[in-house]
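Visitor: So that we are looking at the same thing, I have put the structure below in structure tokens.
The values are calculated or read from the model by the stated rules, or taken from the named source; none is laboratory data. Model, not experiment: these values are computed from the prediction. Reconstructed Cβ throughout: ideal geometry from the backbone, glycine too, with neighbour counts over all protein chains shown.
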Amino acid sequence: MLILALNGSPRPDGNTAQMLMATREVVEKAGASFVFLQVSQALADLKVPYCVLCSNPCRGKCFAGTRMAEMFNLLRRADGIIMGSPVYFSTISAQLKSFWDHTRQLRAEKALLNVVGGALAVGGARFGGQETTLRAMHDLMLCQGMTVVGDGYRENDPGHQGACAQDPVAGDPQGIQRAVALARRVVEVARATRGLRNRPQTFV
């Protein structure tokens, strides 16, 4: 199985990245492959970094041959996606929104249908808009037909919308714990629903 960690922060080594990387060990221990994707790198290759509806239906002309196209090929093969974003004005980052707007082509292909998704958010304070940011990410995933899960796991509790942490993540062990629980849940449900996805058996 392939689990992608999608970093919506413009900072490749920031708090959101740390939260996502904290999930790597539990994903790999469960026998799945883990790949970290930095969405700002995909946008850096584009002449216009946001979607302008240059073709309808989307044919991917604006990102052909770029790192975005490479990342989308990984999304086509994914069994699960852990999506992360910092809180910007109580919602997701502009980078993540722009990246996901370009997935119109994947939506037309139904490429993410039944892929399992979970979300994590990092705010500047404990109550800094994390839950509204999680809900925004859930909406992105639901529009692709993904199966959205929270951060509950049998060894913890039923969970909530997803994993929330505050800056600095290194000083928020509870936030890290919730991210790990979220990753376990994503892997567990991805394995249980594997038959619903048409995926190549390249990954474990």
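Visitor: What are the residue pairs meeting all of these: first residue in the stretch 81-103, first residue modelled with pLDDT of 95 or more, second residue part of a strand (DSSP E or B) and polar (S, T, N, Q), Cβ atoms under 6 Å, and 6 or more apart or on different chains?
Guide: Gly84/Asn7; Ile92/Ser85; Ser93/Ser85; Leu96/Ser85
Visitor: From the residues in the stretch 113-132 that are touching a strand residue (DSSP E or B) at 6+ places or on another chain (Cβ under 8 Å) and in a loop (DSSP other than H, G, I, E, B), which one is modelled with the lowest pLDDT? Can you show your working first?
Guide: Initially, the stretch 113-132 is screened for residues touching a strand residue (DSSP E or B) at 6+ places or on another chain (Cβ under 8 Å), giving 114-126, 128-132.
Now narrow it down to the ones that are in a loop (DSSP other than H, G, I, E, B): 114-115, 124-126, 128-129.
Working: Asn114: 97, Val115: 98, Gly124: 88, Ala125: 83, Arg126: 80, Gly128: 87, Gly129: 93.
My answer is Arg126.
Visitor: Inside the stretch 108-134, can you point out the residues that are buried (at least 16 other Cβ atoms within 10 Å of the Cβ) and among the charged types (D, E, K, R)?
Guide: Glu131
Visitor: All but one of (1) within 18 Å of Ala17 (Cβ to Cβ); (2) surrounded by fewer than 19 Cβ atoms within 10 Å (Cβ to Cβ); (3) among the hydrophobic types (A, V, I, L, M, F, W, C) hold for Leu196; which doesn't?
Guide: (1)
Visitor: Got a sec? Which of Ala136, Ala170, Ala179 is assigned to a helix (DSSP H, G or I) and under 23 Å from Gly31 (Cβ atoms)? Outline the logic, then answer.
Guide: On the way: Ala136 fails: under 23 Å from Gly31 (Cβ atoms); Ala170 fails: under 23 Å from Gly31 (Cβ atoms).
Unique residue meeting the criteria: Ala179.
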